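FYI, it's all coordinate maths here, none of it is from the lab. What you see is a predicted model, and the numbers here were worked out from it, not measured in a lab. Counting neighbours? That spans all protein chains shown, and the Cβs are built from the backbone with ideal geometry, glycine included.
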């Protein structure tokens, strides 16, 4: 069946397009892009007054399966992604068992084919068991379907093994993604270290715990002449280190979460565990630095770090609650409302960070763009429709979002994957 999208404002940073166009889809690919297309055999979608973008790609998601299906499954995570406007999601390896071998990678790929409405892209572990001691078999994992490597949830603490991982990644045309945290410095901290943590009587995680690891990774990547992607930056110092490294020609890319771009540590005044994340929410000054880094290209990607937890896991004392925010279904509206409408980010930059850059970093050559023969993965947005976050209507299995009841301007109208409408 053919699908025809008419009269939408098409924004495609990959081709520098911002124009009212029609898009014709057949057999999972885009076959025509013109100012006017008529095709009576096609199912037609009128996208007037809407924005049509390449399908959004979330390159940092926790789907929890295998092992933690009470929090999320591949099926429910994919449903949440579709509702949130994401056509592809890359899932982190800290499952049980950890995705450090072909069997787990193939399981994820197989389950996704059976039950996922969006593209599910496994990220495999850098080290066996995420223990930081022995590298996984990168070539075998890539052949099984992995698209990148990370020990997310754990930093690769050993500099020698990180160096070797970077050298191997260059040979395999893949990317290493590091969770930048010095565990000796963050220790048992639960929120940003500073005046507020002292006043609240909570153990702090200093900015230096992130920045020390960012600096080390940049040095190793530069020496290895290899690409590295830095996950969930949260501090002004990290942004500046990346900015300087890019100016030197280091092959570094970086991501920031919607919650770190918008929320700050002041929201922890009431000890609400829904705001407990790792890295922690930082100061307002850090938030402004992250916004500037996103605006000027120092930070390449917005990724949700979707981390679902069951209600009873969060309904405990702050020190005991797990880190993480459920983000797939709220992130696009949050960024539109708080950053695009307030002119912190242009619409072009917003699309670039959610579609074009992730596709480039993960080497998804037919995604992240609206071009003939590209995959027919598209996100359709209404910039002015007001929504209210309601966790009881989430497609995710978990509800741990601190945004319940928030009124946001901007919404996902439709998500199309391989030419098939998967939301609504």
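Summary table below
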{"quantity": "Nearest 10 degrees, 0 to 90: helix 74-83 Cα axis against the chain principal axis", "calculated": "60"}
{"quantity": "Where labels lie 7 Å past Cα in the beta-carbon direction, separation of residue 247 and residue 96 in nm", "calculated": "4.7"}
{"quantity": "Inter-label distance, nm, simple model (7 Å from Cα along the C-beta direction), residue 409/residue 208", "calculated": "4.3"}
{"quantity": "Calculated FRET value between residue 29 and residue 128, using beta carbons and R₀ = 35 Å, to 0.05", "calculated": "0.35"}
{"quantity": "Inter-site label distance for residue 315 and residue 106 at 7 Å from Cα along Cβ, in nm", "calculated": "4.1"}
{"quantity": "R0 of 41 Å, Cβ-Cβ distance residue 386-residue 167: FRET efficiency to nearest 0.05", "calculated": "0.20"}
{"quantity": "GNM flexibility winner over the chain from 334, 241, 281 (Cα, springs under 10 Å)", "calculated": "241"}
{"quantity": "0 to 90° range, to nearest 10: angle between helix 102-115 axis and the chain longest Cα axis", "calculated": "40"}
{"quantity": "Proxy reagent accessibility, fewest Cβ within 10 Å first, across 423, 198, 168", "calculated": "198, 168, 423"}
{"quantity": "Full-stretch length increase - residue 113, residue 160 - with 0.36 nm per residue and alpha-carbon distance subtracted", "calculated": "13.2 nm"}
{"quantity": "Exposure proxy ranking, count of Cβ atoms within 10 Å, fewest first, for 352, 313", "calculated": "313, 352"}
{"quantity": "Likely footprinting exposure, 100, 392, fewest C-beta neighbours within 10 Å first", "calculated": "392, 100"}
{"quantity": "Length added when fully stretched, residue 200-residue 1, from 0.36 nm per residue minus Cα-Cα", "calculated": "65.7 nm"}
{"quantity": "Counting DSSP beta bridges with both ends in the stretch 55-361, the antiparallel % (nearest 5)", "calculated": "5"}
{"quantity": "Among 279, 322, 308, residue whose mean-square fluctuation peaks in a GNM of the chain (springs only between Cα atoms under 10 Å)", "calculated": "322"}
{"quantity": "Extension gain (nm, one decimal) between residue 46 and residue 271, 0.36 nm per residue minus Cα-Cα", "calculated": "76.4 nm"}
{"quantity": "Choice from 154, 244, 371 showing the highest fluctuation, given a GNM over the chain with Cα pairs closer than 10 Å", "calculated": "244"}
{"quantity": "Whole-number percent relative contact order across the chain, with pairs defined as alpha carbons under 8 Å at least 6 apart", "calculated": "20"}
